[in-house]
Amino acid sequence: MARATIALLIAGTAFAQVPAPPPAPPPTAPPTRAPEPAAAAYVSQRLNGKPLPVTDRVSDDKGVQYLIEFDELILGIRANHEFRAALKYRQTLASKGAQIGQDPLQKMIVYGTWAVVGTELRFVPDPKRGGNGLRILAGTFRGREIDVPFDYHNGSVSRRAAVILMRDDHIF
């Protein structure tokens, strides 16, 4: 009987299950890049929630009237992380008691670079290509829409505005 028990122990040892090696970790996915806006033209739709054109009029303490009318902004996003922004606006000045005239629309074009930093879309104007004196702007994008807040001065009054731009595949 002792020999049978020893034989069963030896046989049991030979057929004992060997523990399986731990499962291999899942393959790591390549790091994902932050989403970026599509290379396209984006056209202003609204400024501070109002459809364009939007007019801002202020008077200083001497009664001088300042008027800025934002007419249109087209932002070209290029695949090489460059942008072109073209702004059409009207800026008028009138002395106290005078009627504000209809000055012609002016156009300002700024070139620069853009980058996605976290959840922000940052625009860095090129001082040699229309961006002299302008600051970096940071906005957000969602699908076909880009929102960019910015500061501007109308006379001695500083204001904060937010422009909404929508992708328009019929431009450029």
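If you go through the stretch 87-145 and pick out every residue that is outside any loop (DSSP other than H, G, I, E, B) and either of a type outside the set (A, V, I, L, M) or on the phi > 0 side of the Ramachandran plot (or both), you end up with 25.
Conditions (1) modelled with pLDDT under 95; (2) within 13 Å of the chain's Cα centre (by Cα), marked per residue:
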residue	(1), (2)
ARG84	no, no
GLN91	yes, no
ALA94	yes, no
GLY101	yes, no
GLN106	yes, no
VAL117	yes, yes
ARG122	no, yes
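Just one of the listed residues (ILE146, ILE109) is touching a residue at least 12 places away in the same chain (Cβ under 8 Å) and under 21 Å from PRO51 (Cβ atoms), and it is ILE146. When the residues of the stretch 50-83 are narrowed to those that are part of a strand (DSSP E or B) and small (Gly, Ala, Ser), which ends up surrounded by the fewest Cβ atoms within 10 Å (Cβ to Cβ)? Within the stretch 50-83, the match that is surrounded by the fewest Cβ atoms within 10 Å (Cβ to Cβ) is SER59. With respect to the stated conditions, TYR111 is in contact with a helix residue (DSSP H, G or I) (Cβ under 7 Å, 6 or more places away or on another chain) and among the aromatic types (Phe, Trp, Tyr).
Among the residues of the stretch 141-167, the ones that are within 17 Å of the chain's Cα centre (by Cα), within 19 Å of VAL110 (Cα to Cα) and either surrounded by 12 or more Cβ atoms within 10 Å (Cβ to Cβ) or hydrophobic (A, V, I, L, M, F, W, C) (or both) come to 12 in all. Which residue out of ALA98, ALA94, ALA86 is farther than 20 Å from ARG167 by Cβ, surrounded by 14 or more Cβ atoms within 10 Å (Cβ to Cβ) and not polar (S, T, N, Q)? Checking each option against the conditions leaves just ALA94.
Going by what's in this entry, would PHE123 be described as surrounded by 13 or more Cβ atoms within 10 Å (Cβ to Cβ), under 24 Å from ALA41 (Cα atoms) and in contact (Cβ under 8 Å) with a residue 24 or more places away in the chain? Judged against the criteria, PHE123 is a match. Of all the listed residues (GLY97, GLY76, GLY112), the sole one being of a type in the set (Gly, Ala, Ser) and touching an Asp or Glu at 6+ places or on another chain (Cβ under 7 Å) is GLY112.
For the stretch 45-70, the set of residues classified as among the charged types (D, E, K, R) and either more than 21 Å from ARG144 (Cα to Cα) or in contact (Cβ under 8 Å) with a residue 60 or more places away in the chain (or both) consists of ARG46, ASP56, ARG57, ASP60, ASP61, LYS62, GLU69, listed by residue number.
Residues checked against (1) in contact with a helix residue (DSSP H, G or I) (Cβ under 9 Å, 6 or more places away or on another chain); (2) among the acidic types (Asp, Glu); (3) closer than 16 Å to ARG78 by Cβ:
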site: LEU121; (1), (2), (3): no, no, yes
site: PRO125; (1), (2), (3): yes, no, yes
site: ASN154; (1), (2), (3): no, no, no
site: SER158; (1), (2), (3): no, no, no
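The values are calculated or read from the model by the stated rules, or taken from the named source; none is laboratory data. Quick caveat, the model's predicted, so the values are computed rather than measured. Ideal geometry is used to build each Cβ from the backbone, glycine not excepted, and the neighbour counts take in all protein chains shown.
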